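The values are calculated or read from the model by the stated rules, or taken from the named source; none is laboratory data. Computed from a predicted structure; not experimentally measured. Here the Cβ positions follow ideal geometry from the backbone for every residue, glycine too, while neighbour counts run over all protein chains shown. Only protein heavy atoms, including side chains, enter the accessible area calculation; ligands, DNA and RNA are left aside. Shrake-Rupley method; radii C 1.70, N 1.55, O 1.52, S 1.80 Å.
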Amino acid sequence: VTVSIRNMAQDEIYRMELGAGIGGCFYLGDANSKPFANLSGMGGIVARYIFNPRMALKGDLAWGQIRGGTGNIFFPQDPNSETQDGGQAGSCSFKRNLIDLSVQFELNFWGYGIGQGYEGYSRITPYLLIGGGLTFAPKPVDLNVGFHIPVGIGVKYKVKPRLNIGLEWSIRFTTSDALDVSNTQGVILKEPYGISSPGFKNKDCYSFTMLTLTYDLFPKCANCNNIKYVF
């Protein structure tokens, strides 16, 4: 006689992560061409929807500050000047806050997780991200809103079955050339040479380096194992 008994093993796999991140922010554009120069702070809220141990959809709402200056680079005060030397040289510096709202698709290099429900997976994994979002640059100068594409890499580590830490670096490529416009007198860094470009060409971008801490929420399923007894 064979008796089959269904044993419910509560190996929980979670649907979401929720947490926060802090780190550094820098800008690349007319007033800065060196990565990690003029580094300022950033912070935000992070949420992930977990499709499976290899894929997730992440949303973040972040604040950051960008700053820079023209230094010794030649910029004309009047880009439409018809003089032989290209016009009178000018300079400016700026500092501005940004609000970043974006959604990114994450692809883990390895299956991510620990516990019986994650057999064969790893508690640490690198990942790639790409997505889309909006950048808001509020006053003191005119409000600027633009679309951006975030691209980046990261690594995450599961400290405990429901607690995760991560380190991520990304660049936000924007459709705006006015993030570095200041309210000071001098060069106007929106199309400073009087040449406009479509799409993402010759536009401003900024970068986030973010340390995150998230907590797993909402159990997704429980594994069921069949146990057979033979008499």
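Placing dummy labels 7 Å off each Cα toward the beta-carbon, the span from Tyr215 to Val103 is 2.6 nm. Accessible-area rank, largest first, for Lys220, Lys203: Lys220, Lys203, with all protein chains present and a 1.4 angstrom probe.
Cβ-Cβ distance of Ile130 and Trp169, R₀ of 22 Å, FRET efficiency by 1/(1 + (r/R0)^6): the value works out to about 0.95.
Checking the Cα-Cα distances for Lys34/Lys58; Lys34/Lys139; Lys58/Lys139; Lys158/Lys220; Lys34/Lys156 against a 19 Å cut-off, the pairs over it are Lys34/Lys58; Lys34/Lys139; Lys58/Lys139; Lys34/Lys156. Applying 0.36 nm per residue to the separation of Ile114 and Ala37 and subtracting their alpha-carbon distance, the gain on full extension is 23.9 nm.
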